[in-house]
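What follows draws every value from the coordinates through simple rules; no lab data is involved. Computed from a prediction, not measured in an experiment: that's the story for all the values here. Cβ placement follows ideal geometry from the backbone for every residue including glycine, while neighbour counts extend to all protein chains displayed.
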C-alpha cells in the first residue's frame, strides 16, 4: 500500500510501536503490555508486509536492566523510531518515554499516530498526525483507507 492511502506519501516498510511501559508506576512495575499484540494484529491484517519494531518484544525484561544497559536500550529505542516510516503510540495515560519518541519523530517528519483518549494532552494534540480514540477506530480507519 502507498502511504498516500493513509495520509502519507510513500510505502510504509517499518512501523515503530511505541507506548506506555512503566507510565507513572513507581519502581519496576510495568503497565500491562497486551495492547501491543492487538496493535500488531491490526497492522498485520492491513499491512502484512510491513515490519513492526516493538521495543518490548526486543527487550521484554528492560525494566530490570542495570542503569548502563537500560540507558543503552533507551537511546537505541529512540534511534529505532527514527528509522521508521510511521510511529504508532498507545497512550492511555502519560508516558514520558513515548512522548520523547513522538517528539523525535515529529521533529524528523516521521508521521506520529496515537491511540489515546487524552485528546487534549498537548503532546498528543500537537505531535500526532492522527489520533484514534480506540483500537477499533484505528482498525476502521485502516480498513476504509487501505483498499488495493
Relative contact order of segment 3-145, pairs being alpha-carbon contacts under 8 Å that are 6 or more residues apart, as %: 26 percent
Option label - Cα extents along the principal axes in Å computed here, alternatives (1) 56, 34, 21; (2) 71, 33, 29; (3) 47, 29, 28: (3)
For 17, 58, 86, order by how many other beta-carbon atoms lie within 10 Å, fewest first: 58, 17, 86
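I need 114, 140 ordered by Cβ neighbour count within 10 Å, fewest first. Don't skip to the end; give the middle numbers.
Values: 114 27, 140 12.
With the sparsest Cβ surroundings first, the list reads 140, 114.
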